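The values are calculated or read from the model by the stated rules, or taken from the named source; none is laboratory data. Computed from a predicted model, the values in this text were never measured in an experiment. Cβ placement follows ideal geometry from the backbone for every residue including glycine, while neighbour counts extend to all protein chains displayed.
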Amino acid sequence: MTDVTSPPGRRKPVDDDELAAGLAGDEAAFAALVERHRAELHLHCYRFMAATQDAEDLVQETFLRAWTKRASFQGRSTFRAWLYGIATNACLDALRRRPRRVTPPEVAGPADPLARPGPATDLPWLEPYPDLLLENVVAAGVDPEAMLVRREATELAFLAAIQHLPPRQRAVLILRDVVEWSAKETATALDMTVVSVNSALQRARETLRRRWVRDDTDHRALARLGEVEKSLLAGMVDAWDRTDIDAVAALLGADARLVMPPTTSWYDGRESVTTFLASHAFTPGMAGGMRALATAANRQPALGVYIRDEQARFRAFALLVLTVEDDAVSEMTLFHLPRLFPLCGLPAEL
């Protein structure tokens, strides 16, 4: 028996014969070998690309490259680590061809809450990652205490911050601090020296410290925060169901923001947010015209918002991801991405 995973992980060892058959060219055996890593590789690629469809495309590219290069696997690393190296380099190739993903506050100043929001733009917007996909990673065998699936390595603020890293620094940071590889393993995967890996990691961490405030709260505190988030989420679902602007206001912190990709419009401060919602979303004509269901994305509370159409059906409209600080909602990011509803376990219509 050969253990083809590397810690952390809880998978059963893979039979030597299965591994040998896959590497020898048995397509079914090779497919079985790589498929058991699909969920975690999808999350790994998402961290680089910050978009679920890009991540899916790169997982497929990884499997194709792995099949083509299968003869190069010599057993000096685990099969899992070998796949991670291929996926990382596929992501680096993609990043060299594409601009980094952004959020509205990075490209425009706060909008006038009384004016209509700007039109949708084709900028490369950062996208959320449904928690249902994160649970798939755990179900596939990754230890839920591993950094790979922990909150601090999945929240939107972290994803937005690492978009500012050059591709190779991003790769080093993810492999060292998230996948938890050694400097030597990282250097081998990226064809770098250990010295250059350590230098890149230092620069990446310095950039990250400027752009992302890490929550070092322990697990017990996180559990308490979870209860607060559940309460705020339930209140927000009820407020959107009833289009109750006062109820929304009661859940927001004074400095709360509303961000709405794919428009560049965003609103700064509770008064601005509620003014915008009252003027353009929670209007008298919308009474009874919205529904909301609770979900989660990036280890943060979220709600799927539905809008009633002309046939009186409630259709998926947007995913609203909440950031919670100091027992209040500090940011609402409204992602107009109905295609993510099934990935969140939500129906396309009610």
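Would you check which residues across region 140-189 are small (G, A, S) and without any contact (Cβ under 8 Å) to a residue 24 or more places away in the chain and list them? Don't jump to the end; show me each part of the working.
Filtering region 140-189 down to residues small (G, A, S) leaves 140-141, 146, 153, 157, 160-161, 171, 182-183, 187, 189.
S182, A183, A187, listed by residue number.
Looking at this structure, is D216 among the acidic types (D, E), at pLDDT 95 or above and surrounded by fewer than 17 Cβ atoms within 10 Å (Cβ to Cβ)?
Working: among the acidic types (D, E): yes; at pLDDT 95 or above: no; surrounded by fewer than 17 Cβ atoms within 10 Å (Cβ to Cβ): yes.
Judged against the criteria, D216 is not a match.
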Of the residues that make up region 329-342, is at least one of a type outside the set (D, E, K, R), in contact (Cβ under 8 Å) with a residue 40 or more places away in the chain and over 25 Å from A249 (Cα atoms)? yes
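So that you can scan it fast, the table gives a plain yes or no per residue for (1) in contact (Cβ under 8 Å) with a residue 12 or more places away in the chain; (2) out of contact with any strand residue (DSSP E or B) (no Cβ under 9 Å at 6 or more places or on another chain); (3) part of a loop (DSSP other than H, G, I, E, B):
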{"site": "H42", "(1), (2), (3)": "yes, yes, no"}
{"site": "L58", "(1), (2), (3)": "yes, yes, no"}
{"site": "R65", "(1), (2), (3)": "yes, yes, no"}
{"site": "A81", "(1), (2), (3)": "yes, yes, no"}
{"site": "I86", "(1), (2), (3)": "yes, yes, no"}
{"site": "D93", "(1), (2), (3)": "no, yes, no"}
{"site": "A111", "(1), (2), (3)": "yes, no, yes"}
{"site": "V137", "(1), (2), (3)": "yes, yes, no"}
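Only one residue in P99, P117, P128 is modelled with pLDDT under 95, outside any helix (DSSP H, G or I) and surrounded by 14 or more Cβ atoms within 10 Å (Cβ to Cβ). Which one? Talk me through it step by step, then tell me what you get.
On the way: P99 fails: surrounded by 14 or more Cβ atoms within 10 Å (Cβ to Cβ); P128 fails: modelled with pLDDT under 95.
Result: P117 is the single residue among P99, P117, P128 that is modelled with pLDDT under 95, outside any helix (DSSP H, G or I) and surrounded by 14 or more Cβ atoms within 10 Å (Cβ to Cβ).
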For region 109-140, which residues satisfy the criterion of being in contact with a Gly (Cβ under 8 Å, 6 or more places away or on another chain) and within 21 Å of T52 (Cβ to Cβ)? P130, L132
Give just the number: which of (1) under 19 Å from the mean Cα position of the chain (by Cα); (2) modelled with pLDDT of 95 or more; (3) surrounded by fewer than 14 Cβ atoms within 10 Å (Cβ to Cβ) does P167 not satisfy? (3)
